[in-house]
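Here's the structure we're looking at; comments come further down.
Only the coordinates and a few stated rules stand behind these numbers; no lab work does. This structure is a prediction, so every number in the text was calculated from the model and none was measured. Cβ placement follows ideal geometry from the backbone for every residue including glycine, while neighbour counts extend to all protein chains displayed.
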Amino acid sequence: MQAYWESLPEVQSVLKEKVTADPWRLTYHQMPVTGWLNDPNGAVQFNGTYHLYHQYVPETPNGGATHWGHKTSKDMVHFKEEAIFLSPDQLFDEDGVYSGSAFVHDDKIHFFYTGNVKHEGDHDYTYSGREQNTIHVVSPDGFTVESREVVIGHADYPAGYTDHIRDPKVFEHEGVYYMILGARTRNNLGHILLYRSDDLYEWSYQGVFLAGNEDQGFMWECPDYFELGDREVLLFSPQGLLPTTYHYHNPHTVGYLTGAVNWDDYTFEPKTKFIELDHGFDFYAPQTFEDESGRRILWAWMGIGDTEPEYSNPTVARGWQHAMALPRQLTLENGRLLQRPLPEYQCLRHNIKTHRLSEIDESTLKGEVYELILEFDETPSSFELTLRQDTQLTYQDGLLTLKHGESGFGRRKRMIPLADLSQLQIFSDTSSLEIFINDGEYVMTSRVYPKQDQQLIHVKGDAQGQITYWDLKL
Ligand code: FRU
C-alpha cells in the first residue's frame, strides 16, 4: 500500500497555487510551504548553520499526523526550505512525529522527539488510547538520519499518568544528561518528569521535576530548562489555565518560573511565581536553544491549538495555516525574562522615516510590512494607535489594550496592566503583528487579516515622543 505522503507532491501542488496567490502569505516570517505548521522543534545551530524543524502537515491546513519540516539559515533571517526531516513512517510514530529537541554532542546532533500512536479508544483523556514513545535520532549533519530508535517506550513510563507524556528536552549538567518531559496525571494535573542518562542512549526515570496543582492547568506541554545569567529558568506551556482578569485568556498559555534544581532529589524549586510570556492571541509551544555565540534564542509557534470558538482562521481556505513568531533573544534582567527581536532583523530595514508623535496625521505614515519604534518622552496619560485596517493599541488608566476589529476574525482584546509605558517596537507583516513593549518587558503577538490596502498608522491622545518607521523587505 502506498503511504499517504508518497503522493505529497501532487497534493501539495494544488495547495501551493492557493498559497502563492494569498496576499496574507507572510514575508519575513517562517510559514509552511503548504498546509499546517505548529511547534518549533529541534532548534539548533550546528557548524554555523541554524536549523529550524517544526511540526508540519504539508497536505492539509487542518493538521493531522505531523512530520518534522526543516528550514535552514546562515543568519536567522533568510531561510531555505529543506526536505522533510522525519515523517510518521514507523510503527512507533505512525500518527505523528511529535515535538522534541536537539542536543549537540561529539559533532553529531541528537534529536529526541515523541512518537505518537493512536489506538482505538479515547485518545484524549484515558490511558488506553495512545502511545507516546520517546525516540532518539542521531544525525551527523541535521539532514540525514544515522539511527532512530525508541529510548523510552510508552509502557515504561511511571504509573499514575494518562497517555499524555511528551515533548522531550535534553540538557547536560556536570557531564550527565537529563531529559524533561511534559505529562498529564490521571487526575488531570500538569507534571514535568525527569530522566537521566550517562550516554544519551540509556535513560532512567528519576522522578517528578515539578508538579502542578489544580489551579495550574491539566497538562504541561513543551517543557524547557536552561540557565541564563545567574538564574535557572523552567519554561512550559500549560493547557487549560483558568483566566484571571488580565491573564491566561488563550485556551492554553505559556510561561516560566525561575528557581534552582535540587540535584540531590532532582526537583526544580521555583523562586518566583509563574510569569506569562506573551499577552497576545497567537503564541504557544516555544522552545529555546543556545546559539554558537552563546545567545539564548526562543522560537515560538505564532498560533495556538484549540482556539476560541468565535475565531476562524481565514488562511485555511487559502491552503495554509499558522507560522512561526520572529525569533527572540532572551535575557534575564532583575529576575524577569526580557524578550527582544534578534538584531539580525535590522538588515530588512529600508526607507527610514522619523517624526515627532505630535506631527503625524493619518496620511503621514502608511504601511503593511514594516517595523515601528515609538519612544515616549514620558508615560502618556492617553494614547491610541490604529494599525492596518482596524487594530487598536490603546494605553489608558494604566492599561495597555490590544483590540481587534473585523480584521481579527472574531478575536477581541487582550490587556496588560502597565504602570509605565516608555517604548513600543512593532513588527507588522501581511497577516501578523508582534508588539514588543518597554524594550522587551512584555510582548503581544497576534495574527490579523486586514483587507488589502488597509495601511493605517494613526496616533491619537496626548503622547509626546518620537516615532520611527521602516519598510521591511526580505
Ligand atoms: C503542542 C503540542 C505538543 C505535541 C505537538 C503535536 O502544541 O500539542 O505537545 O508534541 O503539539 O503536534
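So, by mean Cβ neighbours within 10 angstrom, what's the order for 131-141, 300-310 with the highest one leading?
131-141, 300-310
What is the spin-label model distance, in nm, from Val104 to Glu10 if the labels are put 7 Å beyond Cα along the C-beta direction?
Those two pseudo-labels are separated by 4.2 nm.
Contour minus end-to-end for Tyr205 and Thr272, with contour as 0.36 nm per residue of separation and end-to-end as the Cα-Cα distance?
21.5 nm
At Asp230 and Leu474, where each label point lies 7 Å from the Cα along Cα→Cβ, what is the point-to-point distance in nanometres?
Simple spin-label model gives 4.2 nm for this pair.
From the residues Thr27, Pro40, Leu91, which one has its Cα farthest along the dipole of region 1-101 in the positive direction, the dipole being from +1 and -1 charges on Cβ of Lys/Arg and Asp/Glu about the Cα centre?
Thr27
Rounded to the nearest 10 degrees, what's the angle between the helix 8-20 long axis and the longest principal axis of the chain, both from Cα atoms, 0 to 90?
Once rounded, the angle reads 10 degrees.
Quick one: putting +1 on the C-beta of Lys and Arg, -1 on the C-beta of Asp and Glu, what dipole do you get for the chain around its Cα centre, in Debye to the nearest 20?
Result for the chain is approximately 1140 debye, rounded to the nearest 20.
Take the alpha carbon atoms of region 169-229, find their center, do the same for region 457-471, and report the distance between the two centers in whole angstrom.
Centre-to-centre distance over Cα atoms comes out at 45 Å.
Put +1 on the Cβ of each Lys and Arg and -1 on the Cβ of each Asp and Glu in the chain; which of Ser237, Val443, Thr391 then has its Cα farthest toward the positive end of the dipole?
Positive-end residue among those listed: Thr391.
Based on the mean of other Cβ atoms within 10 Å per residue, sort peptides 424-437, 397-410, 276-289 so the most packed one is first.
In descending order of packing, they fall as 276-289, 424-437, 397-410.
Taking a quarter of the surface of the Cα convex hull of region 49-117, what do you get in nm²?
Averaged projected area of region 49-117's Cα convex hull equals 5.3 nm².
Under 5 Å between amide hydrogens, which residues at least 5 positions from Ala323 or on another chain qualify, with H placed 1.01 Å from N in the peptide plane?
Met302
Rounded to a whole number, what is D in µm²/s for region 343-472 from Stokes-Einstein with the Kirkwood radius over alpha-carbon pairs (10 °C, 1.306 mPa s)?
The diffusion coefficient I find is 108 µm²/s.
Return one quarter of the surface area of the convex hull spanned by the alpha-carbon atoms of the chain, equal to its mean projected area, in nm².
The Cα convex hull of the chain, projected and averaged over all directions, gives 21.8 nm².
Among Leu402, Thr331, Ala463, flag the residue with its Cα farthest along the positive direction of the charge dipole of the chain, charges on Cβ as +1 for Lys/Arg and -1 for Asp/Glu.
Comparing the listed Cα positions along the dipole, Ala463 ranks first.
Dimensions of region 355-431 along principal axes (Cα, Å, largest first)?
Computed over the Cα atoms, the extents are 32, 27, 18 Å.
Please list, or write none, the aspartates and glutamates whose alpha carbon is within less than 20 Å of the alpha carbon of Lys413, excluding same-chain residues fewer than 8 places away.
Filter leaves Glu276, Asp278, Asp282, Asp306, Glu308, Glu310, Glu384, Asp390, Asp397, Asp429, Glu434, Glu441.
List, in the order given, every pair from Lys16/Lys473; Lys71/Lys271; Lys74/Lys353; Lys353/Lys403; Lys118/Lys451; Lys80/Lys169 whose Cα-Cα distance in the structure shown is over 32 Å.
Lys71/Lys271; Lys118/Lys451, as the Cα separations exceed 32 Å there.
Using the C-alpha gyration tensor of region 169-256, what are the square roots of 5 times its eigenvalues, in whole angstrom, with the largest one first?
Result for region 169-256: semi-axes of 26, 16, 9 Å.
Sort the following peptides by mean Cβ neighbour count (other Cβ atoms within 10 Å, averaged over residues), highest first: 382-394, 196-208, 361-373.
Answer by packing, highest mean first, reads 382-394, 361-373, 196-208.
Output wanted: per-residue J couplings in Hz (rounded whole) for region 301-309, from phi through Karplus 6.51 cos²θ - 1.76 cosθ + 1.60, θ = phi - 60°, x for Gly and Pro.
Whole-Hz 3J(HN,Hα) from phi for region 301-309: 6, 8, x, 7, x, 6, 6, 4, x.
May I ask you to give the average projected area over all directions of the convex hull of the Cα atoms of region 294-397, in nm² rounded to one decimal?
Across all orientations, region 294-397 yields a mean hull projection of 10.9 nm².
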